[in-house]
Amino acid sequence: MLYFVRSGLFQKRWLLLSLSLVLVVAGAFLLQRGHPPVYHLSIYEGRSENLLEQRMVEPGDTILLNYIHSADQTPVSAVFEIHEGGLTLVEEKYSWYGAGLESGAGYDFSFQGEEVTVSGYERSFEELPLRVARTVNQEVYIDDQVISLQKLAPGGTLLILRVDEK
């Protein structure tokens, strides 16, 4: 032992071991920071916050919410864009313009056949509350995947759509 201490071999091994440990820790930290975050569109039951459905998404992806407007009984298609802080309403399409549907200055309207498209929204949502309808289907489309809200929870249930980062 005295030989190792005097010769500096012990000190060199200790220094090498310490340096290796620092490099391993630094490498693990850099690898973790180098991976981009993973985002999910998550659907929770409103009262309990139980996770009912979750799908991977990326910022810039769009989702489509199709439903029947309760007062006018017209099909509505709402387009939302995914971003890091939640969802942004991009446009809505419907075939009949009536009570409760967007109107007014500041929006862009285009007409194609019997359908009107309203865009120019600047509405962002950290979370989007939706009540499951009792009489009509409500569907969320993510790419070619369809999520039926009626299959997730009974009519009248409050659902929360949120973009989660993991």
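Summary of values
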item: Förster radius 35 Å - calculated FRET efficiency between GLU115 and HIS35, Cβ distance, rounded to 0.05; result: 0.25
item: Long-range amide H partners of HIS69 with built H, under 5 Å; result: THR74, VAL76
item: Gained length - GLU127 relative to GLN145, 0.36 nm times residue gap less alpha-carbon distance; result: 4.4 nm
item: Burial order of peptide ranges 129-136, 41-48 (average beta-carbon count within 10 Å, highest first); result: 41-48, 129-136
item: Neighbour-count ranking [beta-carbon atoms within 10 angstrom, fewest first] of HIS35, HIS83, HIS40; result: HIS35, HIS83, HIS40
item: Extended-chain gain in nm, criterion 0.36 nm per residue less alpha-carbon gap, GLU49 and LYS12; result: 7.7 nm
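Throughout, read-outs are computed from the coordinates displayed, never taken from laboratory work. These figures come from a predicted structure and were not determined experimentally. Positions of Cβ are backbone-derived with ideal geometry, glycine not excepted, and every protein chain shown enters the neighbour counts.
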